[in-house]
Structure formats: structure tokens, C-alpha cells
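I have placed the structure first, in the form of C-alpha cells, so that the comments after it can refer back to it.
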Amino acid sequence: MSRKTTTAAAAACLTGVLALSACGGGGFSGGNNAPQATAKGPVKLTVMIGSSGDAETNAVKAATEAWAKKTGNTVEVIAASDLGQQLGQAFASTTPPDVFYTDASKVGTFAKAGNLYAYGDQVKDAGFLPALVKAFTYDNKFYCAPKDYSTLALEINPDLWTKAGLTDADIPKDWAGLEAVAKKLTSGKVTGLVIGNDINRSGAFIKQAGGWIVSEDGKTMTADSAPAKAGLAEVQKMMKDGVLKFSSDTSPATGWGGEALGKGVAAMTIEGNWISGAKKDFPDLKYKVVELPAGPAGKGTLLFSNCWGIAAKSQNQAQSVDLVKSLITTEQQMKFADAFGVMPSTEEGAKAFAAKFPDQQAFVAGGEYAQGPVNLPGFDEVMTKFNSQLATLGKGGDPNAWLAELQKNGTSAISD
């Protein structure tokens, strides 16, 4: 589940996907969108997912079984223990799963290796959020149907907020407002704002400053631009003021923002709608969700998503597309939302979600201006190196130098 891409709570369902950087294709050319010879008559489809738990697994099983009963086919759902590793092995074989979760950051890698069937044009009329279509487009091809999404928002501990003398009128609308409330909320062991220690959280500040890692068309690195520098400078400024910490720097250290909020060492955090998962460990946790404050360039947040990938080697591509079409209807996506909290990937579904879950409106609103991950092939090592540097920001260091190195390494990756 992409919505948990960078949280400790997501390790079981996504660590493997994010680690998969070079799954060989087995002879298919990149961007393969010519369908394989599709088997006739009833077929058995395999669907591999990275599940957050029984609720998600059972919901996917119920949805695929309903389609199977209607069509006369059968479906086996495999909840991978390590999705990345198991997909890598499957891609190297002659029989990969027909359908599988594909993280937005992996589209270019999988497509270039020839592992993905580009069927996006067959589902393009579903009404997906434009940002999601862009996230799953590589080399001008829309590869796969987004299955759900989340954006980042600001989560506030309402008790600490009230104790600090703050009201709804103080909800930050810009960086100055965020600094002000973070200062008032910082006291003793509590830090005003605690966030994750990589680009998947600090990158929101870069976006709010008007920058991003790559250009809009994904062909040019923009990591060392003035807006990118301004975004990280704001994070570092708040750190130096003592009102912002990375979750790994709290005392005690925490694995992600939800844990920091749950353990009472953060008054605010920045996470996606998977924050609800923190209630499993902290059942008494209370939080209010609001949109992230705007930066110098306006509103900005980050987007996380998976799509329903279909294997280029699948002999059942027509049936797989038909299955996916049944999974992306508003009715079915709302069933998934009820079962395990994900937000529908279509504009109609997002409106239905916001109406049913008004306390999560901020996440839905972010979909209108969110920035998706870099989905270019060969970027895993580049971003891993940068994230390892960024994690030390609270201990000093020169983020401009790190951005310059990211610019250089990313340019090299793009040219390969």
C-alpha cells in the first residue's frame, strides 16, 4: 500500500517494493504494450499484493471473488511477505502474477525492464485524478490503473494544542504560522513538529517553495534549484530553532510521525491518511487533520499511490484488464475505503470518500495539488544516497551540498 510508503508501519507491505531496483525483464523491450496471446475460456488469475493486514487481504479476496463468480474465471490472491523480492523472482520466471501492486516510484524501473503491460489507455476514462495519471505515466505511456492514493497533511494533537492556548484561528496557513505554533507547542519532551527523516516528508517543503527533484517532464534534474534549497532551508531553520525534529532524533527515538504523536513526543506531525494505523498501537490517540501550510509558492504536498500492474508476460491480459476495471469502480473503491482506509483514485470516488469521512477532507484536498514521486528508472540508489544524507540534517551538514550531489547523480541516472 503506497499510502504507507515511508512509515515503519508499512514495512511489511512495501519495503520490498521500494528496495527492488533492477528486476530483469526476460527479453521484453521496455514499454511493452502489445498484448500477449490471451487464453480463451475460463482462466485462473494470480494477484499479488503487499498487504497491511487481514482487513486488506480479505477485502481484495472478496472483490476478486465477486468478479470471478460473475465471469466464470478464478482468482488466487497472494499476500506477499516481501513484495519486492517476490516480484523480482516472478519477473525472472516465465509465470509472474497476472496482476500486482506497483508503487508509483517503480513504474519506470518495471517498464524499462519490460515487466509491465501498458494498458492505461483501456481505463483512461475512469476519471482518475490527473496527478495519479501523471504518476503512472512513463515515456509518454499511461501504464496502469491507480488503485488508491494518499497525500500528506498536518496532524495536530488537540489536547496539546488547547493546552498551549491555541485555537482554530491559529491553524497555520503559511510557514510563518507553522513556525509560530511549533514554537508554542514545544515544551519539555514535546517537540512542536516531528516528521520522517527523508525526502518523502521534507520534500513537501520543497514543493511549497516551488521546486521539485526533477522537471515536469522528468527529463531534467532540478534538485539544486533555488526553490529546492529554500525548502530544505526552512526545515533546517525550524530544527535550529528547536521546534522541529526528525522522528529518528526524538527521545526516545521513534520510527515515524504516528509513533511520535502516539508517544507524546510530538505535538504535530506530517503524515498521510495511514496515520489512522497508529491507533492500533495507541488506541487513545487523538488528532486533528488539516492541510499543510502553504510556502512561498503556494500550497504543496506529496502524493503516494500504487497501481494495479499487469505483467507483460501474462497470458491472461484481457481478463486481467477486465478484473481491474471491476476493482476501480467507485462502489468497489469505497468498499476498500471502508475495509482498510484507502482513498479512491478517481475524482468521483474521492468526492464520495470526503463526504463519508469529512475528518479526512484535508487528504482529499491535497490531491488537487500533490506532487508524485520520481518514477524514473535507476533512481533507487540516487535517492537512497540523498536520503542517508538528509537524515543527518538535525546534526548539521550542508543541504545545498547534498542537493548539488543529488543533481549530479540524478543527471547521470537520467542519461543512462
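The values are calculated or read from the model by the stated rules, or taken from the named source; none is laboratory data. The shown structure was predicted, so the numbers you read here are calculated from the model rather than taken from an experiment. FYI the Cβ positions are ideal-geometry reconstructions off the backbone, even for glycines, and counts take in every protein chain you see. Note: areas computed on protein heavy atoms with side chains; ligands, DNA, RNA excluded. Shrake-Rupley method; radii C 1.70, N 1.55, O 1.52, S 1.80 Å.
Per-structure values
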| read-out | value |
| --- | --- |
| For the stretch 210-343, with +1 on Lys and Arg beta carbons and -1 on Asp and Glu, the positive-most of L261, A226, N306 along the dipole | L261 |
| Per residue, in Å², the accessible surface of the chain once ligands and nucleic acids are set aside, probe 1.4 Å | 39 Å² |
| Contact order normalised by residue count of the chain, Cα under 8 Å, 6+ apart, percent | 26 percent |
| Spatial separation of Cα centroids for the stretch 204-224 and the stretch 81-129, in angstrom | 25 Å |
| Two-site FRET efficiency, A55 against D359, from Cβ-Cβ distance with R₀ of 22 Å, rounded to 0.05 | 0.70 |
| ³J(HN,Hα), Karplus 6.51/-1.76/1.60, whole Hz, each residue of the stretch 181-187, x for Gly, Pro | 6, 4, 5, 5, 8, 7, 7 |
| Ellipticity estimate at 222 nm from DSSP helix runs (n ≥ 4, -39,500 (n - 2.57)) divided over the chain, nearest 500 | -11500 deg cm²/dmol |
| Set K147/K286; K207/K286; K219/K240; K61/K286; K207/K385 screened for pairs whose C-alpha atoms are more than 25 Å apart | K147/K286; K207/K286; K219/K240; K61/K286 |
| Charge context of V382, other residues only, Cβ under 12 angstrom, K/R +1, D/E -1 | -2 |
| Carbon + sulfur, % of accessible area of the chain - ligands and nucleic acids excluded, 1.4 Å | 51 percent |
| Restraint check, K70/K288; K356/K395; K70/K124; K173/K279; K106/K299, Cα-Cα greater than 32 Å | K70/K288; K356/K395 |
